[in-house]
1. Out of all the residues in segment 170-189, which are outside any loop (DSSP other than H, G, I, E, B) and either loosely packed, with under 11 Cβ neighbours inside 10 Å or touching a helix residue (DSSP H, G or I) at 6+ places or on another chain (Cβ under 9 Å) (or both)?
2. So, in segment 99-116, exactly how many residues are crowded, with 19+ Cβ neighbours inside 10 Å and part of a helix (DSSP H, G or I)?
3. Confirm whether residue 192 is at pLDDT below 95, under 30 Å from residue 68 (Cβ atoms) and touching a helix residue (DSSP H, G or I) at 6+ places or on another chain (Cβ under 8 Å).
4. Considering only segment 9-22, state which residues are assigned to a helix (DSSP H, G or I) and crowded, with 16+ Cβ neighbours inside 10 Å.
5. For residue 39, are the conditions met, namely being in contact with a helix residue (DSSP H, G or I) (Cβ under 9 Å, 6 or more places away or on another chain), part of a strand (DSSP E or B) and surrounded by 18 or more Cβ atoms within 10 Å (Cβ to Cβ)?
6. Being without any contact (Cβ under 8 Å) to a residue 12 or more places away in the chain and either surrounded by 15 or more Cβ atoms within 10 Å (Cβ to Cβ) or not in a helix (DSSP H, G or I) (or both) is the filter here, so list the residues in segment 42-66 that pass it.
């Protein structure tokens with residue numbers, strides 16, 4: 001079984017994150033935690049690439065549609081449809097427009113519990129309800145209500161893989177194996193070595 005320190009997750013700084021000049025702040029948050037950047041590139045994705053990304057998981061539409069409907073109902077708001085697939089189709093079309101509107105930065109982050117911890121630091125999908133101290137909670141004011149009234153995707157700066165299996169599907173969609181680098185950084189010894197006697201020489 002692989003050591004948890006080798007877990008990897010995909011992070012994409014979306015067009016609004018780049019336009020807001022938040023790249024450094026976003027990278028800093030993950031680096032400060034102790035995660036290691038294993039791959040990075042800037043590109044303008046195609047609609048096909050974005051649609052392919054969101055449909056890698058055959059259950060994604062059903063899950064994201066149901067989650068969106070639940071979020072509306074919790075706030076006593078009316079969802080655009082009661083059918084999760086219809087809601088998800090609307091989400092996909094809006095995401096394609098949003099994610100192809102400018103350059104994005106795709107990254108692979110590596111470290112213990114990378115998927116879970118990146119999601120925790122990033123914050124909830126809707127910035128309006130994301131926790132203070134998270135990236136979305138600290139830097140974005142958008143909400144589902146505003147996005148729906150403007151017929152657009154919610155602007156939340158970042159995509160982050162939702163689970164380890166999701167990350168394992170998403171990373172190869174954005175990076176070839178040779179683009180993801182295996183290397184060591186000094187702080188890994190402090191984080192992961194069984195003993196740290198080497199500190200004193």
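The values are calculated or read from the model by the stated rules, or taken from the named source; none is laboratory data. Small disclaimer: the values here were computed from a predicted structure and weren't measured. With ideal geometry, Cβ positions are generated from the backbone for all residues, glycine too; neighbour counts draw on all protein chains shown.
1. Looking only at segment 170-189, we keep the residues that are outside any loop (DSSP other than H, G, I, E, B), and these are 170-174, 177-179, 187-189.
Passing the criteria: 170, 173, 174, 177, 178, 188, 189.
2. The qualifying residues number 3.
3. Values: at pLDDT below 95: yes; under 30 Å from residue 68 (Cβ atoms): no; touching a helix residue (DSSP H, G or I) at 6+ places or on another chain (Cβ under 8 Å): yes.
For residue 192, the condition - at pLDDT below 95, under 30 Å from residue 68 (Cβ atoms) and touching a helix residue (DSSP H, G or I) at 6+ places or on another chain (Cβ under 8 Å) - is not met.
4. Taking segment 9-22 and keeping what is assigned to a helix (DSSP H, G or I), we get 15-19.
Residues satisfying the conditions are 15, 16, 17, 18.
5. Values: in contact with a helix residue (DSSP H, G or I) (Cβ under 9 Å, 6 or more places away or on another chain): yes; part of a strand (DSSP E or B): yes; surrounded by 18 or more Cβ atoms within 10 Å (Cβ to Cβ): yes.
It is true that residue 39 is in contact with a helix residue (DSSP H, G or I) (Cβ under 9 Å, 6 or more places away or on another chain), part of a strand (DSSP E or B) and surrounded by 18 or more Cβ atoms within 10 Å (Cβ to Cβ).
6. 58, 59
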